[in-house]
Amino acid sequence: HVQLVESGGGLVQAGGSLRLSCAASGRTFRAYDRGWFLQVPGKEREFVAAITWSTGSTRYADSVKGRFTISRDNAKKTVYLQMNSLKPEDTAVYYCAAGVWSTKTDDYDFWGQGTQVTVSS
C-alpha cells in the first residue's frame, strides 16, 4: 500500500514561482521512481518531469525544461517540483506518481489526488 499526497498548488501571477510537494506513505512503500504529470479539462494527463529515486536522474518535458526542477528527499520520501517563470499555459492540476521511471502514465503504479496550479496573466 502506497499513498501519495500532493500539496503546494495555488494561484500565482505569470512569471512567479511555486513549489509542489508529494509525500509518500505506507508500510510497504519501496524506493519507486517518481513523476509529475499535469491534466487540464478535456485532455489526457501529460508528462512534466520524472526522477529516479536511486540516482536522481531527471527528465523533463520540452515545455518546462529550464523552468521547472524536480528533486527528492530520500529521508522524507518526498518529491518536489520547483516551478519558476510560470506561464498561464502551465495552469492545470498537477499529479505526482510512483512507479517505473517513464514519461508514460501507464508505467506508474500509484497516483496522488492532484493539486491545482493556476497562473494568471
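The rows are residues; the columns are (1) buried (at least 21 other Cβ atoms within 10 Å of the Cβ); (2) in contact with a Ser or Thr (Cβ under 9 Å, 6 or more places away or on another chain); (3) closer than 22 Å to SER120 by Cβ; (4) not acidic (Asp, Glu).
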| residue | (1), (2), (3), (4) |
| --- | --- |
| LEU4 | yes, yes, no, yes |
| ARG19 | no, no, yes, yes |
| ALA31 | no, yes, no, yes |
| THR58 | no, yes, no, yes |
| TYR94 | yes, yes, yes, yes |
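Name, by its number, the condition in (1) over 17 Å from TYR108 (Cα atoms); (2) in contact (Cβ under 8 Å) with a residue 60 or more places away in the chain that does not hold for LYS43. The failed condition is (2).
The residues of the stretch 61-73 that are open to solvent by 50 Å² or more (accessible area, probe 1.4 Å) and under 14 Å from TRP101 (Cβ atoms) amount to a single one, ARG72. Do the conditions hold for LYS76, that is, is it among the basic types (Lys, Arg), at pLDDT below 95 and surrounded by fewer than 16 Cβ atoms within 10 Å (Cβ to Cβ)? So LYS76 fits the description; yes. Considering the conditions (1) exposed (fewer than 14 other Cβ atoms within 10 Å of the Cβ); (2) under 21 Å from GLN113 (Cβ atoms); (3) at pLDDT below 95, VAL40 is excluded by exactly one of them, (3).
The values are calculated or read from the model by the stated rules, or taken from the named source; none is laboratory data. Keep in mind it's a predicted model, so treat the numbers as computed, not measured. With ideal geometry, Cβ positions are generated from the backbone for all residues, glycine too; neighbour counts draw on all protein chains shown. Just the protein is used for accessible areas: all its heavy atoms, side chains included, with ligands, DNA and RNA removed. Shrake-Rupley method; radii C 1.70, N 1.55, O 1.52, S 1.80 Å.
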